[in-house]
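*Asks:* Quick one: this structure, given as structure tokens, is what I'll be asking you about.
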Amino acid sequence: MMTNLFSTFDPATSINTSLNWMSTFIGFIIIPTTFWIMPSRYNSIMKSIYNKLNSEFKTLLGMNTQGFPILFISLFFFILFNNIMGLLPYVFTSSSHLVYTTTLALPLWLSLMIFGWINHTQHMFAHLIPEGSPPILMPFMVCIETISNIIRPGSLAVRLTANMIAGHLIMSLLGENMINMSSSLIIISSLIQIMLLLFETAVSMIQAYVFSVLSTLYTNEVAYEITQSYMSFSSL
């Protein structure tokens, strides 16, 4: 119960402290940090990578495919983070396991294929026959394109897994053999290990980029139809 009319403006709370003044600073939680914190080099690098990937994925997918570039940019950074973390000592390399890579490749491909074949069957059949194919070769082209379409998620998963396993195995073998080496060979082996580590860092970045770009190209067949369906649904 208010003692007087102006008690609503009293900053004191029930525990006789002035916590109500904290409401003045709640707005700083909502305001983005870029408005009051100087962007670091890390933020600048991440922003430049994001803008570059966004423009490239928009080119591959088409300008009307809303939302898909953000999906594949997130996929790129997720794979890149796991690949780089796998290079650190005593850190589990999840991207070197086929279960992990298949989990990334299969659901996206399967969902797009189901949507395309259910809602745009004629368009999906048209993709099975490349433009300009002779009529006599059309049955063979359908079989080849069907097999190529089915093995896409498997090729994505195996490519990423194999590339991550290969470099880690070489580094592990060199590290285990350094125990029985002489001092001069240990120095040479250490230099080779450093070169391999730098090479694996580059491979980690390249494989994340290749995975996301190939996923973008595989999605390009259905992405435009999904966007058109979404735009027609939104206009209702």
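The values are calculated or read from the model by the stated rules, or taken from the named source; none is laboratory data. Values in this document were obtained by computation on a predicted structure and should not be read as measured data. The accessibility values were calculated without ligands, DNA or RNA, using every heavy atom of the protein model including side chains. Shrake-Rupley method; radii C 1.70, N 1.55, O 1.52, S 1.80 Å.
*Asks:* Whole number in Å², please: accessible area per residue of the range 42-143, 1.4 Å probe, ligands, DNA and RNA not counted. All intermediate terms of the calculation are to be shown ahead of the outcome.
*Replies:* Working: 6460 Å² over 102 residues.
With the other protein chains kept in place, the range 42-143 gives 63 Å² per residue.
*Asks:* Round to a whole number: what % of the accessible area of the range 109-202 belongs to carbon and sulfur, probe 1.4 Å?
*Replies:* Numbers: 4730 of 6180 Å².
In the range 109-202, the share of accessible area belonging to carbon and sulfur is 77 percent.
*Asks:* Right, another one. So what's the gap between the Cα centers of the range 147-192 and the range 108-134, to the nearest angstrom?
*Replies:* Rounded to whole Å, the Cα centres lie 37 Å apart.
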